[in-house]
Amino acid sequence: MKTKVTRKEARKHLEQFHLAVELVKVIKHFFPDLARLLKQTEDPRNQSYITYPNVILLMTRILSSIFYISSMRKTSQKFNSDTVIQNIWEMCGESASADEIPYWETINKSMKALWLKKMSKGHKIPLPIKGALFKRDTVW
């Protein structure tokens, strides 16, 4: 039996939808090359084990920060809808090769591998630790 959606719940859902639409407009207007730039980011993962393109991992992480989602585990829960998953893939200019967003642990491991690779090349970049950002001299 379907649960009836209250008017308050419908308004909240509509507000979130409008926020997402406005976010896409802002990204396309102010950062039109964002997806292209993310695709150019080096992918330090073993190529034979990749399910999700690096751009999907990075965009999911960026969006979770924009929406103030406090942890990657909560990101996996809150972004777990067909509409959100489809929109993330479309924002990245990718055809959906998976019906899910990357698992939070996959995103964290990828970010850590990318950070370690940049550090091994002598880049001085911020180190994200438990929601805080500890800066090292310059940002990459």
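Remarks
- When the test is whether a residue is outside any loop (DSSP other than H, G, I, E, B) and at pLDDT 90 or above, residue 56 passes it.
- Those residues of region 1-46 which are out of contact with any helix residue (DSSP H, G or I) (no Cβ under 7 Å at 6 or more places or on another chain) and at pLDDT 85 or above, in sequence order: 25, 26, 28, 29, 30, 31, 32, 33, 36, 37, 40
- If you go through region 64-104 and keep only what is assigned to a helix (DSSP H, G or I), of a type in the set (S, T, N, Q) and open to solvent by less than 90 Å² (accessible area, probe 1.4 Å), you end up with 64, 65, 75, 76, 83, 87.
- Residue in region 71-85 that is among the hydroxyl-bearing types (Ser, Thr, Tyr), under 16 Å from the mean Cα position of the chain (by Cα) and over 19 Å from residue 106 (Cα atoms) present: yes
The values are calculated or read from the model by the stated rules, or taken from the named source; none is laboratory data. The model shown is predicted, which means the values in this text are computed figures rather than measured ones. Ideal geometry is used to build each Cβ from the backbone, glycine not excepted, and the neighbour counts take in all protein chains shown. Accessible surface is based on the protein model in full, side chains and every heavy atom, while ligands, DNA and RNA are left aside. Shrake-Rupley method; radii C 1.70, N 1.55, O 1.52, S 1.80 Å.
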